[in-house]
1. When the Karplus curve 6.51 cos²θ - 1.76 cosθ + 1.60 is applied with θ = phi - 60°, which whole-Hz ³J(HN,Hα) does each residue of the range B:131-141 get, with x for Gly and Pro?
2. Work out from phi, with θ = phi - 60° and the Karplus expression 6.51 cos²θ - 1.76 cosθ + 1.60, the ³J(HN,Hα) of each residue of the range B:194-199, listed in order in whole Hz, and give x for Gly and Pro.
3. Can you pull the three principal axis extents for the Cα set of chain B, in Å, largest first?
4. Applying a 10 Å radius around every beta-carbon, put B:58-64, A:50-56 in order of their mean neighbour count, most first.
5. I need the phi-derived Karplus couplings for the range B:21-28: 6.51 cos²θ - 1.76 cosθ + 1.60, θ = phi - 60°, integer Hz, Gly and Pro marked x.
6. Counting only C-alpha contacts under 8 Å and six or more residues apart, can you give the relative contact order of the range B:53-117 as a whole percent?
7. Would you pull out the residues with amide H under 5 Å of A:N79's amide H, same chain only if 5 or more places away, H placed 1.01 Å from N?
8. Can you give the relative contact order of chain B as a percent, counting alpha carbon pairs under 8 Å and 6+ residues apart?
Amino acid sequence: MRAEVAATILGMALLTYATRAGGLWLMGRITTTPRLDAWLRSLPGAILAALVAPAALAAGPAEALAAALTALVAARTGNLLGALIVGVAAVYALRHLL
Amino acid sequence: MSTIARTEVAAPEALTFTRAGALRGARQTLPLAASSLTGGLVFGVLARGAELGLAEVALMSTMVFSGSAQFLALGLWATPLPVAGILIATLIVSLRHLLLGAALHPWLARLPTARAYGLLFFLSDETWALTTHHFRAGGRDAAFLLGSGLTMAVAWIGGCVLGRAGGSWLTDPARWGLDFAFTAVFVALLVGSWRGRGDGLPWTVAALVALAAHRWLPGQWYIVLGALAGSGAGMVRDAR
C-alpha cells in the first residue's frame with residue numbers, strides 16, 4: 001500500500017470520527033437551558049425532514065409518488081419493513097411507467 | 001422488523017446494553033444493509049477505475065465507514081494525490097454528524113464515557129435514524145446502535161471489497177429501485193416520529209430550507225442547513 005494513500009485514509013478516518021464524536025462532546029460542555037432543551041426536542045424531526053425532503057420531493061414524479069405511498073403505508077400500518085418494500089417496489093414500477 | 005411506535009419524550013433513566021438489544025438493532029438494519037451493500041459495490045467498481053488497490057479500499061471503508069465522504073474523496077482522487085483537498089472535503093461533508101451526535105446526547109450521556117464514544121464510531125444517517133427511533137419509542141438499549149452499526153459496516157465494507165475485487169458485472173442499483181431504500185426508510189421513520197401539530201413548524205421549515213439548499217448549494221449542506229433552520233424554528237417557538 002502506498003504510504004501517501006494510507007496517510008490520507010488515516011486523516012479522513014480521524015476527521016470523520018471527530019465529527020461523529022464532536023456533537024456529544026460539545027453538548028456535554030454546554031450547560032442546558034430551556035432554549036437548548038427546546039432545540040434538542042425539535043432537532044431529530046428536523047434532521048429527518050431535511051434528510052428526506054430533496055430525495056422525496058425534488059428527485060422527480062416517480063420518487064415523489066413513491067414517497068407519498070411509503071408515508072401512507074407507514075402511517076396506516078406502522079410497519080417499517082412493509083413501508084420500505086412498498087416504497088422500493090413503487091419507485092421501481094413508477095420509473096418504468098412515468 | 002418492528003412497528004413504528006408513537007414517540008414520547010425521554011425520561012432520564014439508565015440505559016441497558018444487552019446482546020438482545022444489539023440483535024434487535026441488527027435485525028432492524030438488515031433491509032438497509034442490502035442497500036448499503038449495493039452502494040458499496042458501486043464504490044468498489046469506481047475505486048478500481050480510480051486505481052485504488054484492494055487493500056486501500058478495504059482500509060478506507062473500514063476506517064472511514066462513510067459513503068458520502070468516500071464517494072467525495074473518490075471524485076477528487078488524482079495523481080498527484082490532492083491530500084489537503086480530500087481532507088477538507090471529508091470534513092465538510094461529515095459536519096452533519098455533529099448534529100446527529102448532539103441529538104443523541106439525551107440518551108448517550110447516560111452511558112459510561114468510553115462506551116458512548118466507542119458507539120459513536122458507528123454513527124451514520126441510517127444508524128442514527130433507527131437508533132433515535134428506538135429510543136424515542138421507549139427503547140432503552142444502547143447496544144441497538146452497536147448492532148445496527150456492525151450490520152451496516154459488514155454490508156458496506158463487504159460491498160466495497162467485492163466491488164473492487166470483481167464487480168464490473170454490477171448493474172446500476174437505481175435500475176432496481178434500491179437507491180430509494182434509504183429515502184423510504186427515512187420517510188417511514190419521519191411519519192412514525194410525528195408527535196402532534198407542534199411538529200408541523202420545525203418539519204416544514206426544515207424541509208423547505210433543505211429543498212432550497214439542495215437546489216442552490218453543492219454537496220450535503222442541505223442536511224445541516226435544513227436541520228438547523230427547522231430545529232431553530234422549534235426552539236424560538238417553544239422557549240419564550
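What follows draws every value from the coordinates through simple rules; no lab data is involved. Predicted model only: the values in this text are computed from it and were never measured. Positions of Cβ are backbone-derived with ideal geometry, glycine not excepted, and every protein chain shown enters the neighbour counts.
1. 5, 4, 4, 4, 5, 6, 8, x, x, 10, 10
2. 5, 10, x, 4, x, 6
3. Principal-axis extents of the Cα atoms in chain B, largest first: 55, 44, 36 Å.
4. Per-residue mean Cβ counts within 10 Å order the peptides as A:50-56, B:58-64.
5. The phi angles translate into x, 4, 5, 5, x, 4, 5, 5 Hz.
6. 23 percent
7. B:I4
8. Computed over chain B, the figure is 35 percent.
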